[in-house]
DNA sequence: CGATATTAGTTCGATATCGAATTAGATAAC
DNA sequence: GTTATCTAATTCGATATCGAACTAATATCG
């Protein structure tokens with residue numbers, strides 16, 4: 001064991017290690033996205049599904065800006081995503097009584113059902129994954145990813 | 001410790017755990033992408049940078065199809081990305097002597113220099129990250145991510 | 001109160017990505 | 001060896017995402 005220096009001594013030698021890690025994260029993300037979207041009806045993307053899930057998790061009635069911030073996408077992107085969901089009647093946009101500039105987003109029954117069905121349709125993929133890769137390993141990584149995310153999130157001033 | 005059952009018993013109860021994991025991966029990826037691209041000259045995206053890096057890592061002289069497969073993007077997407085790199089003279093496209101339908105992609109000196117400069121310009125971000133998050137934790141996750149990626153990759157028949 | 005600055009949402013133009021169709025060349029089958 | 005099939009790359013049309021500019025409403029501040 002090396003004597004432990006200061007908590008972390010930033011070292012330019014480490015650069016490739018970061019690249020490798022983030023590269024791998026990117027690949028996993030791409031594969032997961034492809035896996036998810038293969039199960040979604042065409043025209044519905046992860047972005048749509050994620051908004052529905054978010055609204056269930058944190059309660060609906062959020063404003064578009066809140067959603068854009070939560071997903072860290074441009075406001076215009078959220079406008080577009082919400083328009084798609086509204087067109088399919090998975091959400092409803094109502095005026096925000098607290099602020100006439102604003103709106104609030106509500107899930108429709110169809111929206112809730114749709115999400116539930118989508119999740120169920122993905123189950124087989126996860127089951128087949130579970131057969132080859134112990135879920136525990138994902139759980140073990142989660143706290144580390146969360147810690148990383150929080151730091152990176154705080155860093156983007 | 002629980003008695004160890006069969007290696008992994010796929011269990012529908014685990015679904016939310018997968019979602020949480022892949023969701024977190026997505027967020028980290030998004031933050032990393034934003035961090036990288038903030039350092040790249042405008043008009044250059046991660047996709048461009050990644051192709052340059054790939055060509056250095058596995059040797060240039062690859063064909064567009066090979067690159068499209070390596071990154072798992074549509075051929076048309078790679079055509080587009082390569083066009084951007086060529087316009088900026090970071091790569092050169094030459095005919096493939098082995099196959100008249102095909103081309104081979106070569107790095108220019110400018111391309112190599114560009115990549116090196118880009119990496120150096122990102123160093124400060126990584127250093128500041130390293131100060132708060134031990135690189136060892138990333139290294140520890142890497143093999144697990146790689147294993148996961150391989151399984152998912154094989155699964156996408 | 002009234003002027004200024006900020007904020008919510010949209011429209012618009014640019015670019016990234018994809019799938020379908022196309023063209024030219026290579027491979028396979030008979 | 002000729003025909004049919006497959007493959008490499010591009011073009012085209014559709015959609016996702018973004019930033020800049022805009023409008024309307026709210027907040028701030030003198």
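Scanning region B:66-80 for residues that are under 14 Å from residue B:106 (Cα atoms) and out of contact with any strand residue (DSSP E or B) (no Cβ under 8 Å at 6 or more places or on another chain) yields one hit, B:66.
Here is the figure for region A:66-101: residues that are more than 10 Å from DNA strand C (Cβ to nearest atom), free of Cβ contacts under 8 Å to residues at least 40 places away in the same chain and closer than 13 Å to residue A:55 by Cα total 4. Entry remark, region A:17-33: residues being more than 7 Å from chain B (Cβ to nearest Cβ) and within 27 Å of residue A:120 (Cβ to Cβ) number 1 in total.
Among the residues in region B:103-119, are any more than 27 Å from residue A:18 (Cα to Cα) and either modelled with pLDDT under 95 or within 12 Å of DNA strand C (Cβ to nearest atom) (or both)? For region B:103-119, residues more than 27 Å from residue A:18 (Cα to Cα) and either modelled with pLDDT under 95 or within 12 Å of DNA strand C (Cβ to nearest atom) (or both): present.
Just one residue in the set A:95, A:124, A:143 is modelled with pLDDT of 95 or more, within 14 Å of chain B (Cβ to nearest Cβ) and surrounded by fewer than 18 Cβ atoms within 10 Å (Cβ to Cβ); that residue is A:143. Residue check: residue A:145 meets all listed conditions (1) closer than 23 Å to residue A:29 by Cβ; (2) within 12 Å of DNA strand D (Cβ to nearest atom) but one, namely (2). Scanning region B:49-86 for residues that are surrounded by fewer than 16 Cβ atoms within 10 Å (Cβ to Cβ), away from every other protein chain (no Cβ under 12 Å) and more than 12 Å from DNA strand D (Cβ to nearest atom) yields B:58, B:59.
The set of residues in region B:29-58 being farther than 27 Å from residue A:144 by Cα and over 16 Å from the mean Cα position of the chain (by Cα) consists of B:41, B:42, B:43.
All but one of (1) within 16 Å of DNA strand C (Cβ to nearest atom); (2) part of a helix (DSSP H, G or I); (3) modelled with pLDDT under 95 hold for residue A:136; state the number of the condition that does not hold. Every condition holds for residue A:136 apart from (1).
Residues in region A:34-48 that are assigned to a loop (DSSP other than H, G, I, E, B) and away from DNA strand C (no atom under 11 Å from the Cβ) were compared, and the one that is nearest to the other protein chains (Cβ to nearest Cβ) is A:40. Selection of region A:103-117 for residues being in contact with a helix residue (DSSP H, G or I) (Cβ under 6 Å, 6 or more places away or on another chain) and either within 9 Å of chain B (Cβ to nearest Cβ) or in a helix (DSSP H, G or I) (or both) yields A:111, A:115.
The values are calculated or read from the model by the stated rules, or taken from the named source; none is laboratory data. Predicted model only: the values in this text are computed from it and were never measured. Glycine also receives a Cβ, built like all others from the backbone with ideal geometry; neighbour counts cover every protein chain displayed.
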